[in-house]
1. Give the residues of the range 6-32 whose amide nitrogen is closer than 14 Å to a point set 7 Å from the Cα of residue 41 in the direction of its Cβ.
2. Please compute the modelled spin-label separation between residue 3 and residue 49, points set 7 Å along Cα→Cβ, answer in nm with one decimal.
3. Please give the net charge around residue 32, taking every other residue with its beta carbon less than 12 angstrom from that of residue 32, where Lys and Arg add +1 and Asp and Glu add -1.
Amino acid sequence: MPFVVVINDRDERPQFDDDEIRVALDLDSRVPLMRVDARSKNLVMNSLIELIKYAAVDVAGCLVGSTPLVEHGGQE
């Protein structure tokens with residue numbers, strides 16, 4: 001399941017750098033890591049948009065809505 005990591009970064013100087021967080025959470029380098037001030041509605045909204053963009057990429061790396069690699073059965 002695709003996910004992003006959003007860090008509530010209220011201070012101007014982060015307590016941990018991105019590499020430390022990736023190691024602590026055992027995150028792959030491809031997992032997006034974003035810092036936001038959770039008090040900002042726009043920054044939180046942008047984080048959700050990034051999650052949707054990231055989730056829109058399927059396992060094969062094709063964008064949702066493009067020609068599927070395998071046709072799925074079912075009624076249209």
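No lab work stands behind these numbers, since they all come straight from the coordinates. Just so you know, these numbers come straight off a predicted model, no measurement behind them. Every residue, glycine among them, receives a Cβ derived from its backbone with ideal geometry; neighbour counts consider all protein chains shown.
1. none
2. 2.4 nm
3. Working: positive: 22, 30, 35, 53; negative: 18, 28, 50.
Surrounding charge for residue 32 is +1.
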